[in-house]
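Trainee: Take this structure first; my questions come after.
The values are calculated or read from the model by the stated rules, or taken from the named source; none is laboratory data. Predicted model, so just to flag it, every value in this text is computed and none were measured. Cβ atoms come from the backbone with ideal geometry, glycine included; neighbour counts cover every protein chain shown.
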Amino acid sequence: MLIFSAMSRKLYSLRMHATCEGGHLSGAERLAVGEELEGLAAALVRRALGHPKGTADAIRLTVEALSSAEVRTGRLPDLRTVAVADWRAGRAAALRYLVEAGVSRGAAREAMEALARGAAPGGGSMRGAMLIDAESGARLEPDPARGVRVSRMDLSPKARAELQQKLGALGIDNAHVREALVLAAKVLLVPGIVAELCWSDDPDYTTGYVATPTAGYVRFTELKPLGEERGGRAFFLKRDGRDLGAVIEFLERAPLLIDEIGDLGGVTVWEG
Ligand code: WAQ
Ligand code: MG
């Protein structure tokens, strides 16, 4: 395995975006040193071609060098799992966590309804996330078909190895969990973001989560029915006069290398 320090080696952002019949199919974002790029690029092409929702008809890879001065480091949120009987119970539980974090009940409900019907205007999946006013529920992202795509973040090799080992011990070491943890870590760094809600658009992946600055990354074993292709993400922002452009700029462009993992907790059963 390659060992690098973000401070001493040139770090690149590698992004993949695949479309199928004009719609979003698959995306991924990694940070890597030069020697890793070829292997990672091949793995991302393979991933785009093997997606459960279809076969890519366009795959775009973007590689950009980052200036080491701009790369900040960070820690993953703590993780725990709430076991729910079915997706309805899961959404009720997730709603409770969102409200607890400061999202209005109306905004939380509307976000769930949008994810359930396909948050892009035609009812499809968005490439990125909805950005939602935590009080009014208004959609704030400039392009509601694309959404806000969080990018330029990854785990350091050491943090990745530690995370895989610890998630493995819990029986949940898969790319969905690892990537969602890294994404949530970046989202929770944004001043004013009080919560994130997510469930996958992959038909065979029904677990989703709510992440908040105080509760951390809370997984709900079911947030959608098996076979459902609609999914996505919502970031809830307390606006308080904040500059929307700066929020989006940070999410899309500020490089973040996670070098510390959080606590990994066990499973609790939701009693409703
Ligand atoms: N930035 C913003 N939105 C994104 C990004 C990103 N980098 N990546 C994905 N999304 C949005 C987009 O609308 C996708 O359609 C949607 O999220 C779902 O993405 O703990 O696998 O990669 O067991 O399908 C969460 C639970 C899994 C993991 C989430 O999402 C666990 C998942 P997917
Ligand atoms: Mg997906």
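Trainee: Taking strands (runs of 3 or more DSSP E) that do not extend beyond segment 128-221, which have at least 2 residues that are modelled with pLDDT of 95 or more and within 16 Å of ligand 2 (Cβ to nearest atom)?
Mentor: Hits in segment 128-221: 193-199, 208-212.
Trainee: Separate question: Go through segment 222-242 residue by residue and tally those that are part of a loop (DSSP other than H, G, I, E, B) and in contact (Cβ under 8 Å) with a residue 40 or more places away in the chain.
Mentor: The total comes to 11.
Residue by residue, here is whether (1) away from ligand 1 (no atom under 16 Å from the Cβ); (2) part of a strand (DSSP E or B); (3) in contact (Cβ under 8 Å) with a residue 40 or more places away in the chain holds:
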| position | (1), (2), (3) |
| --- | --- |
| G54 | no, no, no |
| E64 | no, yes, yes |
| A85 | yes, no, yes |
| A92 | yes, no, yes |
| Y97 | no, no, yes |
| R109 | yes, no, no |
| A114 | no, no, yes |
| A119 | no, no, yes |
| G123 | no, no, yes |
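Trainee: For segment 112-128, give me each residue that is within 20 Å of R91 (Cα to Cα) and charged (D, E, K, R).
Mentor: Scanning segment 112-128 gives E113, R117.
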